[in-house]
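A quick write-up on the structure given underneath.
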Amino acid sequence: MQDHQQHIYLGEPEEDLIESLEPDQLVVEMDRPVSRRRLSGATTAGLWALRLFLLTITAMVIYAFVAGVINTPR
Amino acid sequence: MAVRTEPSEKAPSAEATAEGLLTPEDLTRSGDRRRVLEARHRGRRFGLLWLLVGPGLLVLLGENDGPSMLSYAASGATYGIGFFLPFIALTFVAAVVVQEMAMRVGAVTHHGYGELIFQRLGGFWGWLSVVDLLGTNLVTLVTEFIAIRVGMSFFGVSAPLAVGGGLVLVAFSIAGGRYWRWERIALGLAVFNLLFVVVAVMSRPDPAALAHAFATWTPLPNGSLQLFLLVLASNVGATVTPWMVFFQQSAVVDKGMTPKDIPQARIDTVLGGVLAAAAGCGALVAASVLFVHHVDTSQLQAGTGFAQALQPFIGYPGAAIFSLGLVEAGALAIMTISASTAYALGEAVKGPHSFNRKLGDAKSFYGINLGAAVVAAAVVLIPGAPLLSITLNANLLATVLMPAALVFLIMLANDGELMGPRSNPGWLNWIGIAVAVLVGLAGTSYAVVAFFNTVGWHFLS
């Protein structure tokens, strides 16, 4: 049992309270993972390309940021 | 007294009820949902809307945070209202489009954004998304405390006291063990984001000039390309950021919203966008008096900067309201960004991730919530920390990393198995892709120019 579910309510909750939630809104239901999606080769390649591109851009921003901090007179 | 629900309102599974698998979190959430069902059943339209607004308003007004308001003010002070007034309004349209997707995915799947990426696309992409979020959130949280510190310093409040006040607010807001309480405290604070509209009115803008700017997007900015791209990318990152996607989807789930609530949740999101755009444009308009009077704005984001610079033109009350607005912007964002951090990490490690849990039942969730704020607060109090540089770059980092978050969101919103008939329509995908491209271009342009200028290749400056 996950940490999420360790505090189970063992009493008799009011019926109207129970009915206020949809079945898949219960914590026990929300903790059930959805099935894994199979990504196509093209999708995976696209995600990798985007990730590498963003890493490169992030590195450039961080470099400019750090250089700016170092070169800023205190 | 039981409330009869519409026939289409489903009851929880018999097994769950019979097995007694109801947690206190379920009961807390169901209490709030009962009021929603009652309002819907009795046809109380405004009552229903009042119960369901929250995540959209909070995410969009929360993104009008310290660095965002300073970015808008810097835009107005540097370039006037010409190009950036309509540009900022446009970025809020983009934000509403993105946040509507996040809201819809949350209401339909009852899973947070981070949780769905982990489960649907795998742990590798999930952890990359969460690491992106943690990086941008921590940097942004630092800037929120800078905003509080800057705003309070206008009134002579010391930095430790101002920063400590922000931490007390976070601790107070999370202490109730109920999402509704946390949300209403945050909403109460969010109202004060409109102080920037008040300051804009006090600056007595020319209505004809405002109309001209919206109609023509002119005069266009001139001067340094790097500075223009910095301001442009900062404004994009001030409006569309990864934490917003994580936050709103998780908050919608935590609030217990269902597909039947989507119409009200759309109003919530659009209203948040309109109010946030008004406040953001207000900051720009107010600061544009500095542009009109040729005030040097290059270092205004340090110290009490903008408020003091504005004082000769809008008086002490106006400057004080601007400072209070900055404090509010920082304070609300500390709450929402800390929450998005705690939601995301909770979903990543399958730990507790709900404000409807009691403090003792979700120590890690509340610990991360407060811990993230404490770390950021500590950075602000380090003597000699480069607060100005951090403020300027916080939105940039969000801009650079946003396209990845957007691509995953569009994938989830188009996932037929998850979303069924509530998947994205084709036209919305095109708008979503256009937003991703706009954000990507803004971040990339600045990064390339700033990088080559830094290494000494000044061909673009």
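Footprinting exposure proxy ranking of B:ILE117, A:ILE62, B:ILE390, B:ILE81, fewest other C-beta atoms within 10 angstrom first, gives A:ILE62, B:ILE390, B:ILE81, B:ILE117. Toward the positive end of the charge dipole of the range B:51-454, with +1 on the Cβ of Lys and Arg and -1 on the Cβ of Asp and Glu, the farthest Cα among B:ILE433, B:LEU232, B:TRP125 is that of B:TRP125. Listing B:PHE306, B:PHE92, B:PHE172 from fewest to most neighbouring C-beta atoms within 10 Å gives B:PHE172, B:PHE92, B:PHE306. Modelled label positions at B:LEU381 and A:THR44, each set 7 Å beyond Cα in the direction of Cβ, lie 4.9 nm from each other. Inter-chain neighbour count for B:347-356: the average number of beta-carbon atoms from partner chains within 10 Å of each residue's beta-carbon is 2.
For peptide B:442-449, the mean count of partner chain Cβ atoms within 10 Å of a residue's Cβ comes to 4.
Note on the range B:164-210 and the range B:96-160: Cα centroid distance 17 Å, given to the nearest whole angstrom.
The charge dipole of the protein assembly as shown, taken about the Cα centre with unit charges on the Cβ atoms of Lys, Arg (+1) and Asp, Glu (-1), comes to about 640 debye, rounded to the nearest 20. Across peptide A:50-58, the mean count of Cβ atoms from other chains lying within 10 Å of each residue's own Cβ comes to 6. Of the residues B:PHE83, B:LEU57, B:ALA385, the one whose Cα sits farthest toward the positive end of the charge dipole of the range B:51-454, with +1 on the Cβ of Lys and Arg and -1 on the Cβ of Asp and Glu, is B:LEU57.
The charge dipole of chain B, taken about its Cα centre with unit charges on the Cβ atoms of Lys, Arg (+1), Asp and Glu (-1) only, comes to about 860 debye. Averaging 1/r across all pairs of distinct Cα atoms in the range B:172-298 and inverting the result yields a Kirkwood radius of 17.7 Å. Computing FRET efficiency as 1/(1 + (r/R0)^6) for B:TRP127 and B:VAL274, where r is the C-beta to C-beta distance and R0 is 56 Å, gives about 0.95. Given a cut-off of 35 Å, what percent of all Cα-Cα pairs of the protein assembly as shown lie beyond it? Considering the protein assembly as shown, 33 percent of its Cα-Cα pairs are separated by more than 35 Å. By the Cα gyration tensor, the range B:172-230 has an equivalent ellipsoid whose semi-axes, rounded to whole angstrom, run 38, 18, 10 from largest to smallest. As a proxy for reagent exposure, B:SER288, B:SER30, A:SER40 were ordered by neighbouring Cβ count within 10 angstrom, fewest first; the result is A:SER40, B:SER30, B:SER288. Once you have a ≥ b ≥ c as the square roots of the Cα gyration tensor eigenvalues for the range B:352-422, tell me rounded if a/c is under 1.5, and otherwise prolate or oblate according to whether a/b is larger than b/c. It comes out oblate by the Cα gyration axes. When the Cα atoms of the range B:51-454 are aligned to their principal axes, the ranges along those axes come out at 57, 46, 43 Å in descending order. Selection among B:VAL349, B:ALA320, B:LEU290 by position relative to the dipole of the range B:281-383 gives B:VAL349 as farthest towards the positive end (Cβ unit charges, Cα centre).
We did not get these values from a lab; they are worked out from the coordinates using the rules stated. Given the structure is predicted, the values throughout are model-derived calculations rather than measurements. Quick reminder, even Gly has a Cβ in these numbers, built from the backbone with ideal geometry, and neighbours come from all protein chains shown.
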